[in-house]
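Please read the structure below before turning to the comments.
The values are calculated or read from the model by the stated rules, or taken from the named source; none is laboratory data. Computed from a predicted model, the values in this text were never measured in an experiment. Every residue, glycine among them, receives a Cβ derived from its backbone with ideal geometry; neighbour counts consider all protein chains shown.
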Amino acid sequence: MLNPDPASATLHPRKEVIMKILVVGGGGREHTLVWKVAQSPKVKTIYCAPGNAGIAEHAECIPIKADEIKKLASFAHSRAIDLTLVGPELPLTLGIVEEFKRYGLRIFGPDKDAAIIEGSKLFAKDLMKKHNIPTADYATFDSPPEAMSYLRKRGTPAVIKADGLAAGKGVVPVQSLDEAEKVIDSMLTQKIFGKAGNQIVIEDFLTGEEASFIVFTDGHTILPMPSSQDHKPIYDNDQGPNTGGMGAYSPAPVITTALQKKIMDEVMTPVVRGMAGEGRRFKGILYAGLMINGEDIKVLEFNARFGDPETQPILMRMKTDLVPVFEAIVDEQLDRISIQWDERPAVCVVMASKGYPGSYQKGTAIEGLKEIQSTVNVEVFHAGTALQDNRVVTNGGRVLGVTALGDTIAEAIDNAYSAASHIHWDGAYYRKDIGKKALNRNK
Ligand code: AMP
Ligand code: GLY
């Protein structure tokens, strides 16, 4: 027998250097996960289903959609995947974790009973009420006349939300009763969101500044990531319709140290304990979308996964290997982990296809990617891209997330925009004010 090299054996025990990872999803968040996991000394092979052109540089892309959970489990079984990471919410709410467990496969993410915190707004609101977690006052309905009579009493503005997942379109602020009637009719009677609109939540319209607070949890221990902020509307100064997110930065100065403690004490801890108490132990990434108004915080939503595009700047700042964190969560040993973060802020500018969030063209060639590939402190995460005749082409509404670190938020913004200015395609669009709110607060 050959003498094992004691130094390398200690650093990377053989059992661990051969990990095969499967990442489920194919957007900017998943490219960031793949990029981060590819840096782990524990990982040998990465597969991503379905992936995209950027992901294909680090991983073998497998043409299975993220919601085809049976096919994914069977693929993972056939390749003896050591750990699967789930990016989007849909497979989680469909029960991908249970499906993988049936094969004895290790998978990172909450099971269906816990992912319901994102899958059902009624569930999330009732959980918050039960545990005194600050959120907008609300009522739930399945009958249009009752919903309208409630609204007539309480007035507008209000926010109407379909209970289930609606591809980011199920939340509608309304300014008048006429508007409300149309929205209620479309959800409850016309069923534009199918079963996801069998019930609706009507809640108070909140004002303030939004921010995202995302934690790792194994259902016992909670490790916060640095705060972040998304930019949902399509145009500068938060004008126009909402999108999946046009950019993000981390940290978000609107979340002060005092507010962070408040969020941990008044939101994250009661949710994680409350879920465990109901037999719905939450193991994975718990994301709170918050409305912040001075010292007042209110939860707008919970997500059972990483944010997109918040993951891009957050993981650019993570110094620690992510794979042991995922493993510790699967094994419910997160108390053994500590995570180091880069002090420097990071900013992600999303480059989108003209027309998004409405209809847009696909298949346009993207120029300039190679030129900035080696720029230090800059990563271009692909969201909607594909390879066509060896060229990277647009393949979605959100196309790229140009992400940069900087010594200050101003420098991170400059670095991200300077990189974005080298990338071109016919019809490329991006907001010019990503990070402005952080700059204003730092003044
Ligand atoms: P949600 O999916 O529930 O986070 O809602 C999507 C977006 O709708 C949020 O990011 C907010 O911009 C907006 N929103 C949701 N709930 C409210 C509310 N109660 N008041 C004002 N805006 C809201
Ligand atoms: N950035 C918003 C989300 O991931 O839901």
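A Cβ distance below 7 Å, combined with a sequence gap of six or more or placement on separate chains, defines the contacts here; from region 418-434, residues that are on the phi > 0 side of the Ramachandran plot reach residues that are β-branched (Val, Ile, Thr) in the pairs Gly427/Thr364. Among helices (runs of 4 or more DSSP H) entirely within region 241-335, having at least 2 residues that are more than 19 Å from the chain's Cα centre (by Cα), of a type in the set (Lys, Arg) and more than 16 Å from ligand 1 (Cβ to nearest atom) singles out 257-263.
Of all residues in region 386-410, which are in a strand (DSSP E or B) and out of contact with any Gly (no Cβ under 6 Å at 6 or more places or on another chain)?
Ala386, Leu387, Gln388, Arg391, Val392, Thr394, Leu400, Val402, Thr403, Ala404, Leu405
Only residues in region 287-314 that are touching a residue at least 24 places away in the same chain (Cβ under 8 Å) and closer than 16 Å to Leu90 by Cβ count as the first member; pair them with residues that are more than 10 Å from ligand 1 (Cβ to nearest atom) and of a type in the set (D, E, K, R), Cβ under 6 angstrom, at least 6 apart or cross-chain, and list the lot. Matching pairs, first to second residue: Ala304/Glu89; Arg305/Glu89; Phe306/Arg29; Asp308/Arg29.
Okay, residues lined up against (1) out of contact with any Cys (no Cβ under 9 Å at 6 or more places or on another chain); (2) more than 21 Å from Thr385 (Cα to Cα); (3) of a type outside the set (Val, Ile, Thr):
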{"site": "Cys48", "(1), (2), (3)": "no, no, yes"}
{"site": "Ile64", "(1), (2), (3)": "yes, no, no"}
{"site": "Lys70", "(1), (2), (3)": "yes, yes, yes"}
{"site": "Ser74", "(1), (2), (3)": "yes, yes, yes"}
{"site": "Ala80", "(1), (2), (3)": "yes, yes, yes"}
{"site": "Leu83", "(1), (2), (3)": "yes, yes, yes"}
{"site": "Thr93", "(1), (2), (3)": "yes, yes, no"}
{"site": "Ile96", "(1), (2), (3)": "yes, yes, no"}
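Checked across region 156-175, the condition of being out of contact with any strand residue (DSSP E or B) (no Cβ under 7 Å at 6 or more places or on another chain), at pLDDT 95 or above and among the acidic types (Asp, Glu) holds for no residue.
Being farther than 24 Å from Met351 by Cβ, away from ligand 2 (no atom under 16 Å from the Cβ) and either in contact with a strand residue (DSSP E or B) (Cβ under 7 Å, 6 or more places away or on another chain) or not charged (D, E, K, R) (or both) is the filter here, so list the residues in region 236-265 that pass it. Hits for region 236-265 are Pro253, Thr256, Thr257, Ala258, Leu259, Gln260, Lys262, Ile263, Met264. For region 132-148, the set of residues classified as part of a loop (DSSP other than H, G, I, E, B) and either within 16 Å of ligand 2 (Cβ to nearest atom) or more than 30 Å from the chain's Cα centre (by Cα) (or both) consists of Ser143 only. If the condition is being within 23 Å of the chain's Cα centre (by Cα) and either of a type in the set (Ser, Thr, Tyr) or assigned to a loop (DSSP other than H, G, I, E, B) (or both), then region 166-202 contributes Ala166, Ala167, Gly168, Lys169, Gly170, Phe193. Considering Leu177, Leu165, Leu151, the condition of being in contact (Cβ under 8 Å) with a residue 12 or more places away in the chain, over 15 Å from Leu300 (Cβ atoms) and within 16 Å of ligand 2 (Cβ to nearest atom) is satisfied by Leu165 alone.
Considering only region 298-312, I want to know if a residue exists there that is surrounded by fewer than 24 Cβ atoms within 10 Å (Cβ to Cβ) and among the basic types (Lys, Arg). Checked region 298-312: at least one residue is surrounded by fewer than 24 Cβ atoms within 10 Å (Cβ to Cβ) and among the basic types (Lys, Arg). Of the residues making up region 214-235, just one is over 15 Å from the mean Cα position of the chain (by Cα), within 15 Å of ligand 2 (Cβ to nearest atom) and under 20 Å from Ile292 (Cβ atoms), namely Pro233. Looking at this structure, is Phe302 more than 16 Å from Ala248 (Cα to Cα) and within 16 Å of ligand 2 (Cβ to nearest atom)? Answer is yes for this residue.
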